[in-house]
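The values are calculated or read from the model by the stated rules, or taken from the named source; none is laboratory data. Bear in mind that the values here come from a model prediction, so they are computed numbers and not experimental data. Quick reminder, even Gly has a Cβ in these numbers, built from the backbone with ideal geometry, and neighbours come from all protein chains shown. These area figures cover heavy atoms from the full protein model, side chains too; ligands, DNA and RNA do not enter into them. Shrake-Rupley method; radii C 1.70, N 1.55, O 1.52, S 1.80 Å.
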Amino acid sequence: MQLWDKNMKTTEVVFEAVLPVLKLLSMALIGLLLSHPKIQMIPKPTLRLLSKLVFFLFWPCLIFTHLGPVISVKKFIQWWFVPINVVISTAVGSVLGFFVALICRPPPEFFRLTVIMTAFGNTGNIPLAVVSSVCHNEDNPFGGTCYDGIAYAGFSQWVSVVLVYTLIYHMMEPPLEYYEVVEEGTEIEELTDLPTGNENDLSTPLLIEAEWTGIEDQRTEHCQTPLVATIFNSISDVSQSNIPDIESIREMPSSPRSYGCLAEPKVVRKIRIVVERTPINQILQPPLTATVLAIVIGIIPQIKATVFGSDAPLDFITDSLAMISNGMVPAVMLVLGGMLWEGPNESKLGLRTTIGIVVARLLILPLAGIGIIYLADKWNCLIADDSMYRFVLLMQYATPSAILLGAIASLRGYAVGEASALLFWQHVFGLVSISVYIFIYFKLLVTLF
């Protein structure tokens, strides 16, 4: 599918690139104005409720109704580069984040945060909102297959969630040195200041629950301890006494591992402990459940024929879900507007590091993404003649850091204010950078790919 005419004027390309972002910006401004303290038409509790509707209803419905009808076994194989691209963008972002940390020299306890906030982008609601906005007009540049972009973006959800709940979850644990300082007389006071599931704490930033509603209910006694560092580093018995008992998960003597002839190697045991403390049970959140369900139904022709299509017996249910999904983009942007009105939290990260992360994430990484997608196209890794496919892949490099990182920071009790401040500034400047890169992507899709 060819994008536009190569002779199209630059001003027309600029208009088509800026228009989708202007639509999203308008909705965000409405949310910002309506959440103003002097107006309070949408107070903070209402925004939290709206965020829950997005997480549990609008977002899953959007993925299910757009991914299910187009997915098949053949396309499941053809789309292999979509999840791989998420991993590549995270890896390249990690390298950039490492250099940002070396150059900008953040406080030692925020070195890992600098890497993470540069590496992991928003592959969920922001790409879905941009694609939906682009495709809203009938004369959109991608034609009748434009909404396939929602399917492409939804297809990448599973790898993003797996990365967050495994790799990112453990990378966001409190640094061991910081934990040892806290535990010397101030640990209890520090932990009790954190929001808990039993509090109705409206002072908690909206972004903490924007992509993981009800996060406070997921806290356990082990969430805010440096588990990996505790296990893989030799620390004093005094320090270990204040950290949740790792020995408690040893098997009973009746377990085969406890016999001398079948003794479990220490390294294997340490890895097993970390795996057992990883919140795998939290992976199947509603958006991912919708993704899996759409894939399963879509690749089985007999079931697909009863659920999707105008002649399907259950088409009325699918249509109902599609109507519900139409509220996803407006709701997301209203919540984003309310989040921006809160302003940035206090941060100890430093201005130089904050600027370094924003520049690396929003300006440098998209440039690297262009090179990666160009090479993938030349090596025949991408679907031929599908501009929307390439556009979604490019967008995975251009989005701000995932809002979910703010939720993980809150869950782990690590750099909550710093993560919130970084997310705020990235989303503010992201409105401009995304507009610029959409224009660049449109021009490249016409002339280069």
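Could you provide, to the nearest whole Å², the per residue accessible area of region 96-169 with probe 1.4 Å?
On the way: 2450 Å² over 74 residues.
Accessible surface, normalised per residue, equals 33 Å².
Just need the relative contact order of region 1-148 here, percent rounded to a whole number, with Cα pairs under 8 Å and 6+ apart.
30 percent.
With an 8 Å cut-off on Cα pairs and a minimum separation of 6 or more residues, tell me the relative contact order of region 322-449 in percent.
36 percent
Computing the accessible area with a 1.4 Å probe over protein heavy atoms, can you report the carbon and sulfur percentage for region 1-146?
On the way: 4750 of 6760 Å².
Answer for region 1-146: carbon and sulfur cover 70 percent of the accessible area.
In terms of solvent-accessible area of protein heavy atoms at a 1.4 angstrom probe, what is the ranking of D315, D139, highest value first? Working shown, then result.
On the way: D315 30, D139 110 Å².
If we order D315, D139 from most to least accessible, we get D139, D315.
For the residue pair V296 and W80, what label-to-label distance in nm results when each label sits 7 Å from Cα along the Cα-to-beta-carbon direction?
2.4 nm
Need one word for region 1-143: rounded, prolate or oblate. Basis is the Cα gyration tensor (sqrt eigenvalues a ≥ b ≥ c); a/c below 1.5 gives rounded, then a/b vs b/c decides.
Here region 1-143 falls in the rounded category.
Leaving ligands, DNA and RNA out of it, work out the accessible area of D385 with a 1.4 Å probe and give it in Å² to the nearest 10.
My reading of the accessible area for D385 is about 120 Å².
Collect residues whose amide H, placed 1.01 Å from N in the peptide plane, falls under 5 Å from the amide H of G121; neighbours closer than 5 in sequence don't count.
A402
With θ set to phi - 60°, apply the Karplus curve 6.51 cos²θ - 1.76 cosθ + 1.60 along region 367-375 and write out the HN-Hα couplings as whole Hz, x wherever there is a Gly or Pro.
5, 4, x, 4, x, 5, 5, 4, 5
Figure the gain on full extension for V87 and L367 (residue separation times 0.36 nm, minus the Cα-Cα span) and round it to one decimal in nm.
99.1 nm
Under 15 Å from a point placed 7 Å out from the Cα of Y374 along the Cα-to-Cβ direction: which residues of region 425-449 have their backbone N that close?
440-449
Which of rounded, prolate, oblate describes region 304-449, given a ≥ b ≥ c as roots of the alpha-carbon gyration tensor eigenvalues and a/c under 1.5 marking rounded, otherwise prolate only if a/b is larger than b/c?
The shape class here is oblate.
Ignoring ligands, DNA and RNA, please state the percent of accessible area on region 317-377 from carbon and sulfur, probe 1.4 Å. Present the calculation step by step, with values, prior to reporting the outcome.
Numbers: 1850 of 2660 Å².
Summing carbon and sulfur atoms, their accessible area is 70 percent of the total for region 317-377.
Whole number in Å², please: accessible area per residue of region 277-388, 1.4 Å probe, ligands, DNA and RNA not counted. Before the final figure, lay out the partial values.
Details: 5500 Å² over 112 residues.
Per residue, region 277-388 has an accessible area of 49 Å².
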